[in-house]
Amino acid sequence: MNPDASGTALSVPKAELHMHIEGALEPELAFECARRNGITLPYADVDDLRRRYDFSNLQSFLDLYYTGMNVLCTAQDFTDLADSYLARVRQQGVRHAEIFFDPQAHTSRGVALETVLDGLEASLATSQERFGISTRLIACFLRDRGPDEAMATFEALLPHTGRITGVGLDSAEDGYPPEGFAPVFARARQAGLHLVAHAGEEGPPEYVWQALDVLGVDRIDHGIRAAEDPTLLRRIARDQVPLTVCPLSNVRLRCVDTLGRHCLPQLVDTGVLTTINSDDPAYFGGYVGENYRAVQREFGFDDTALREFASNSIRASFLGRDERERLLAEISAE
């Protein structure tokens, strides 16, 4: 193992492609937003809230996640949330971030879509100048709220498509196959948006097939259960469909028993275009740099392997060619 690899994990220039901005709500900011919005959280203090981050599955996490999200009410809350994330990952080599947000999780509790977008944009519009990080927004549909509500959400997003890069599909996966969302993804494609979807996190390999062949996605978020289907894995490797893998999340949500049993080495050995990401970093034990460090320690990835993950993240991004080439050159020179 290269003794400098942990330093490379943080310093190598990289993109983060799978990160929910609501999942960067640290307990300290949650209590600050609650205070200024007159909301009482059902936790004694910051330490009490942090102790609750012990999840048995995806749904147990979502229950706490949506409770914490209730403190996000004003544009300033969303601006502070994005600033907090960007300030942290600037120290971890992130040069570009494609950030998920969940419109339905906010509009369903009375927060206007414009409030969310205005608050995030107030931070992200100057992220390059202030943090050295370019950014894009991806609006995700909550699959457990069904295709009809997803379509209504897309209609609400249509006047704002200039402010987002793509659409995604997230939230509780098991029992909510991607194929039901084909009409809304077709509409998004017609609008010129990029398409991504969570598939193969808790759901079976069939959900990955559907995301590829029915939704026509550009990237698969998670995708780890594709490792159970050799034909699917070969397809993903052959077509260089990026997987946005989130190792610490997979362990925290019990998708894998331990990091040592994660399929990441298998994905790499099969030639899958694999990227490393944090998912919901405030809840899962680390931001993207900690995820790089964790897999480096567990699997012995050297500097070359870490740089390949970083290069993959740039290749899999929705940046223009010139921006991708600039960042890839920065990785080579680092």
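The values are calculated or read from the model by the stated rules, or taken from the named source; none is laboratory data. Please read these numbers as outputs of a predicted model, since none were measured by experiment. We place every Cβ from the backbone using ideal geometry, glycine too, and count neighbours over all the protein chains shown.
Of note:
Residue by residue, here is whether (1) touching a residue at least 60 places away in the same chain (Cβ under 8 Å); (2) touching a Phe, Trp or Tyr at 6+ places or on another chain (Cβ under 8 Å); (3) surrounded by fewer than 18 Cβ atoms within 10 Å (Cβ to Cβ) holds:
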site	(1), (2), (3)
Ala87	no, yes, yes
Gln92	yes, yes, no
Arg95	yes, no, no
Gln104	no, yes, no
Glu114	no, no, yes
Ser123	no, yes, no
Thr126	no, no, yes
Gly132	no, no, yes
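- Filter result for the condition that a residue is surrounded by fewer than 20 Cβ atoms within 10 Å (Cβ to Cβ) and under 22 Å from Ser171 (Cβ atoms), over Pro230, Pro204: Pro204
- Selected residue (criterion: farthest from Ile314 (Cα to Cα)) from residues of the range 210-244 that are in a strand (DSSP E or B) and touching a residue at least 40 places away in the same chain (Cβ under 8 Å): His222
- Screening Arg254 on (1) basic (Lys, Arg); (2) part of a helix (DSSP H, G or I); (3) closer than 30 Å to Leu81 by Cα shows it passes everything except condition (2).
- When the range 121-160 is filtered for residues that are over 19 Å from Glu323 (Cβ atoms) and of a type in the set (D, E, K, R), the ones remaining, listed by number, are Glu121, Arg143, Asp144, Arg145, Asp148, Glu149, Glu155.
- Condition met for Asp269 (at pLDDT 95 or above, among the charged types (D, E, K, R) and surrounded by fewer than 17 Cβ atoms within 10 Å (Cβ to Cβ)): yes
- Residue selected from the range 19-58 under the condition polar (S, T, N, Q) and in contact with a helix residue (DSSP H, G or I) (Cβ under 9 Å, 6 or more places away or on another chain), by the criterion farthest from Phe284 (Cα to Cα): Asn37
- Matching residues in the range 137-153 - criterion: being hydrophobic (A, V, I, L, M, F, W, C) and in contact (Cβ under 8 Å) with a residue 12 or more places away in the chain: Leu137, Ile138, Ala139, Cys140, Phe141, Leu142, Ala150, Met151
- Some residue of the range 14-33 being at pLDDT below 90 and not in a helix (DSSP H, G or I): no
- Unmet criterion (only one of (1) under 21 Å from Glu22 (Cβ atoms); (2) touching a residue at least 12 places away in the same chain (Cβ under 8 Å); (3) surrounded by fewer than 19 Cβ atoms within 10 Å (Cβ to Cβ)) for Leu157: (3)
- Among the residues of the range 164-190, the ones that are small (Gly, Ala, Ser) and out of contact with any strand residue (DSSP E or B) (no Cβ under 7 Å at 6 or more places or on another chain) come to 5 in all.
- For the range 213-227, the set of residues classified as touching an Asp or Glu at 6+ places or on another chain (Cβ under 6 Å) and crowded, with 24+ Cβ neighbours inside 10 Å consists of His222 only.
- Pair list, Cβ under 9 Å, 6 or more apart: the range 284-309 residue surrounded by 22 or more Cβ atoms within 10 Å (Cβ to Cβ), other residue acidic (Asp, Glu): Tyr287/Glu16; Val288/Glu16; Asn291/Asp279; Gln296/Asp302; Phe301/Glu308
- Meets criteria (assigned to a loop (DSSP other than H, G, I, E, B) and not β-branched (Val, Ile, Thr)) for Ala305: no
- Residue that is nearest to Cys73 (Cα to Cα), among those in the range 26-45 that are among the aliphatic types (A, V, I, L, M) and within 24 Å of the chain's Cα centre (by Cα): Ala30
- Within the range 317-334, the residues that satisfy the criterion of being in a loop (DSSP other than H, G, I, E, B) and touching a residue at least 40 places away in the same chain (Cβ under 8 Å) are Ser317, Phe318, Leu319, Glu334.
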